[in-house]
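J.: Before I ask anything, here is the structure I am working with.
Derivation of every value follows stated rules applied to the coordinates shown; laboratory data play no part. All figures in this text were calculated on a predicted structure; none of them were measured in a lab. A quick note on method: Cβ atoms are made from the backbone with ideal geometry, for glycine too, and the neighbour counts reach across all protein chains shown.
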Amino acid sequence: MSRSTRRGVLPGFGVSLGITVGYLSLLVLIPLAMVPLKASSMDAHAFWVAISSPRALASYKLSFGASAIAALLNSAFGVVVAWVLVRYEFPGRRILDALVDLPFALPTAVGGLALTTLFAKTGWLGEPLAKLGISVAFAPAGVCAALTFVGLPFVVRTVQPVLEDLDPELEEAAASLGASRWMTLRKIVAPSLAPSLLTGFALAFARALGEYGSVVFIAGNMPMKTEITPLLIMAKLEQFDYAGATALASVMLLTSFFMLFLINRLQARASRALETS
Amino acid sequence: MAGATKSRLGRGGAARTRPAAKDPAWVRRLLIGIAVSFVFVFVALPLLLVFSEALKGGLGGYVAAITDEETLHALGLTVLVVLVSIPLNVVFGIAAAWAIARFDFPGKSFLVTLIDLPFAVSPVVSGMVFVLLLGARGVLGQYLEPYGIKIIFATPGLVIATTFVTFPFVARELIPFWQTQGAQEEEAAITLGAGGLRVLRKVSLPAARYALLYGVVLASARALGEFGAVSVVSGHIRGETNTLPLHIEILYGEYQMQAAFAVASLFALFGLVTLVAKWWLEKKSRLEREQTEEAAALR
C-alpha cells in the first residue's frame, strides 16, 4: 500500500522528523523512562517485596483473571455481533452498529457509574440477579462487567472488516460441492476469522489490564478481594509510597510492552493473511 | 488502548450487507437476538439508565446540579485542558504523519510502534510517570519548585497528562490516509515551484480533512473523559484541579446520585454527538474515496 517517495522532491523531512522525535521524547519516552530509573534506585529486596506481597499477588490475579474473562466474553459475543452486522439485514442494524462504538465515546467513569447502578442490589439488573443469589456490583463479577464494557468495540471492529472482505461465494461454492453448513463454517469461515479474532482478543485484554476509571466505581475496592493492580498503584501513590507504586508500575509496564509487541505481530500476520486470501 | 483498532475511515462499512449465505431463519433470529441482547445489556441499558437517573428527581434538580458552581468550574477546566492538548497533538500528528507517510528512513516501523505506546500503558501509570518527573520531589520538579512553578496537582499537570493519553489519535488517522493517497499531487505542486508549507496547507491537508477531523473527534472524546491519568496528577483540589469526570467520582462518593448522573448525562449526550460525527465522517470519506476511484477508472 505504501507509496512513499524517496527522499527527493518533497521537502520537510528533517523538520517533520525532528518535531516527531523531539515531541515523542519529551512527552512519552523521557516520562516513561522514570519507571526504570526510579525502580533501579530501589534496593532489589525491597523491589521484590513490593511486587510479591500477598496484596499485590491478589491484585494480579484479579486483574489478569477478570481481563481474560472480559476479553473471552467480548470475543464470543463480538464475533456474533460482527457476523450479524455484516451478513444479516434487520431493523435497527445501523443503531446496533453505532452503539458498538459508544464505549470509545463515553468516559470510562460514566460507564462505571452506570454499570454500578445497573448491577447494584436495587438496580434494574442487580435486583433480579440478587434474588438468584448472584451479586455483581462490589464483587469480582462487577470488575468483569466493567472490563467487558470498555473492551466491547475491539473484537467487533477487528473481525467486521475481515468478514466484509470474505466472499460469500466461497461458502456457496463449498455448499454446492456438498459441504454441510457447519463444515463450511469450520473449514472456510473460521480459519479466515481466526487471526483478526486473536488480535481483537489481545486488544481487549490489553485495554482491560490497564483500565481504572470504570472499575473504581463498581469494584468496591476491597484489598485482597476486589482490588485491581492499577487501583493498588493508586492507593500507594495516595500514601506517597512512590517506590512501592513504581515497583508495581514496572510490572504493569513490562506487561504493556509485551502486549504491544504481541499485538503488532498479530496485526502484521492478520494483514498478511488478508492479502493472500 | 481506546481507538487502537484499525481506522474505520474509508472502509466499506456495514453499508453493503450481503444476502445471508443460506442460514435458516431460526439461526438468524437466534444470532440477532444474542447480538442485540449483549449490546443492549452492556451499552444501551447503561446509557438509558444515565438519563433516567439524571431526571429522577425532576428537571429542577437536574438543572441545579448542572449549574452548580463547582460543576461549572470543572466543566470550564475540562474544556480548557482539551483546547490546549488537542491542538498540540494535531501539530505533532501532522509532523509525524508527514515524516512517516512521505519518506523512507531506517527505524520507521519502530517509530510507528512508539507512537502507539500511550495506548498500551495503563492510565494510572501514565499519570504516575509525570508525578515522578515533575512532582515537587521529582527528577525535574525539584528544580522547578524553588521558583514556585507547580505542575503536578495544578492545571499544567492535567494538560500534560491529557496530551499524553491522546497523543496517538491524529497521527494514527493521518498516516494510513496519506500512505494510500500517494504523493503525486504534492510532487507536482513542488515541481511547479510551491513551497513545502504551502503544499501542506493547499494540497495535503485539504485532501486529508476528514481523516484529520476524525482523529480530532476521537482524541477530544478521550481527552474530555480521561479519568485515570488525570486522577493521579490532579490531587483532587475542589474548585481548582477537579475536571468533570473526577467531579462525577466526588459526587458519587458523597451520595449525590442525581448530581452525579446529571453530569454523566452531559457526557452521554456528547458521546452520542461523537457517534453521529464519526458516522458522518465515515460516510463523507467513503463517498469521496468512491468518487476518486471512479475518476481514476475513467482516466
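J.: How much length would be gained if the chain were fully extended between B:R201 and B:E240, taking 0.36 nm per residue of separation minus their Cα-Cα distance, in nm to one decimal?
T.: Net length gain for the segment: 10.2 nm.
J.: Another question, if that's okay. Name the long-range amide H neighbours of B:R8: under 5 Å, sequence gap of 5 or more, or other chain; modelled H, no Pro or chain starts.
T.: When sequence neighbours closer than 5 places are left aside, there are no close amide H contacts.
J.: Give the average, rounded to an integer, of partner chain Cβ atoms located within 10 angstrom of each Cβ in A:32-43.
T.: Taking all residues of A:32-43 together, the mean is 3.
J.: Follow-up. R0 = 22 Å: FRET efficiency of A:N264 with A:L37, Cβ-based, nearest 0.05?
T.: The pair A:N264/A:L37 has a calculated efficiency of 0.30.
J.: For A:A120, list long-range residues whose amide hydrogen, built 1.01 Å from N in the peptide plane, is under 5 Å from its own amide hydrogen.
T.: Distant-sequence amide H within range of A:A120: A:G126.
J.: Across peptide A:251-262, how many C-beta atoms of other chains are within 10 Å of each residue C-beta, on average?
T.: 3
J.: For a protection proxy built on the mean count of beta-carbon atoms within 10 angstrom, sort A:89-97, A:201-209, A:18-26 highest first, please.
T.: The densest-packed peptide leads the list: A:201-209, A:18-26, A:89-97.
J.: Also, quick follow-up: Highest mean first, what order results for B:261-272, B:99-110, B:142-153, B:160-171 on Cβ atoms within 10 Å?
T.: B:160-171, B:261-272, B:99-110, B:142-153
J.: What's the Cα-based Rg to Rh of chain B, Rh via Kirkwood?
T.: 1.03
J.: Here is a follow-up. Please get the size of the charge dipole for chain A, origin at its Cα centre, with Cβ charges of +1 on Lys and Arg and -1 on Asp and Glu, quoted in debye to the nearest 20.
T.: Result for chain A is approximately 340 debye, rounded to the nearest 20.
J.: Of B:V273, B:S234, B:L197, which is farthest towards the positive pole of region B:184-299's charge dipole, taken about the Cα centre with +1 and -1 on the beta-carbons of Lys, Arg and Asp, Glu respectively?
T.: Checked the options; the winner is B:L197.
J.: So, one more: Could you pull out every one of the aspartates and glutamates with an alpha carbon less than 18 Å from that of A:K121, ignoring same-chain neighbours closer than 8 positions?
T.: Of all the aspartates and glutamates, those that pass the test against A:K121 - Cα under 18 Å, at least 8 places apart if same chain - are B:E53.
J.: Using a cut-off of 19 Å between alpha-carbon atoms, which lysines can reach A:K61, once sequence neighbours fewer than 8 places away in the same chain are excluded?
T.: Filter leaves A:K225, A:K236.
J.: Right, something else. How many angstrom lie between the Cα centre of region B:29-98 and the Cα centre of region A:29-98?
T.: If we compute the Cα centre of each part, the gap is 22 Å.
J.: What list of ³J(HN,Hα) couplings, whole Hz, do you get for region B:116-128 from phi and the Karplus terms 6.51, -1.76, 1.60, once you set θ to phi - 60° and write x for glycine and proline?
T.: 6, 3, x, 6, 8, 8, 4, x, 5, 5, 4, x, 4
J.: Partner chain Cβ atoms within 10 Å, averaged over the residues of B:46-58 - can you pull that number for me?
T.: 4
J.: When the label point is put 7 Å from the Cα of A:S52 along its Cα-to-beta-carbon vector, which residues of region A:230-251 have a backbone N closer than 17 Å?
T.: Under cut-off, by backbone N: A:244, A:247-251.
J.: Here is a further query. Based on other C-beta atoms within 10 Å, arrange A:H45, B:H247 from fewest to most.
T.: A:H45, B:H247
J.: Below 25 Å Cα-Cα, how many Lys pairs turn up in chain B? Only count pairs eight or more apart in sequence, or on different chains, if you could.
T.: 7
J.: Shape call for region A:177-223 from the C-alpha gyration tensor, a ≥ b ≥ c root eigenvalues: rounded (a/c under 1.5), prolate (a/b greater than b/c) or oblate?
T.: Because a/c hits 1.5 or more and a/b exceeds b/c, region A:177-223 counts as prolate.
J.: Can you pull the one-decimal nm distance between simple spin-label points at B:A25 and A:D241, each 7 Å off the Cα toward Cβ?
T.: Between B:A25 and A:D241, the simple spin-label model gives 6.3 nm.
J.: Excluding A:A58 itself, what net charge comes from residues whose Cβ is under 15 Å from its Cβ, given Lys and Arg +1 and Asp and Glu -1?
T.: +3
J.: Further question: Across the Cα atoms of the protein assembly as shown, what radius of gyration and what greatest pairwise Cα-Cα distance (Dmax) are found, in Å?
T.: Using the Cα atoms of the protein assembly as shown, the pair Rg, Dmax is 24.2, 81 Å.
J.: Now a separate question. What is the calculated FRET efficiency for B:E294 to B:Y143, with r their C-beta to C-beta distance and R₀ = 41 Å, to the nearest 0.05?
T.: That pair, B:E294 with B:Y143, gives E of 0.10.
J.: Between A:V15 and A:T122, what FRET efficiency comes out of the Förster formula 1/(1 + (r/R0)^6) with R0 = 60 Å and r the beta carbon distance, rounded to 0.05?
T.: The value I calculate is 0.50.
J.: Rounded to the nearest 20 debye, what is the charge dipole size of the protein assembly as shown about its Cα centre when +1 sits on each Lys and Arg Cβ and -1 on each Asp and Glu Cβ?
T.: 1120
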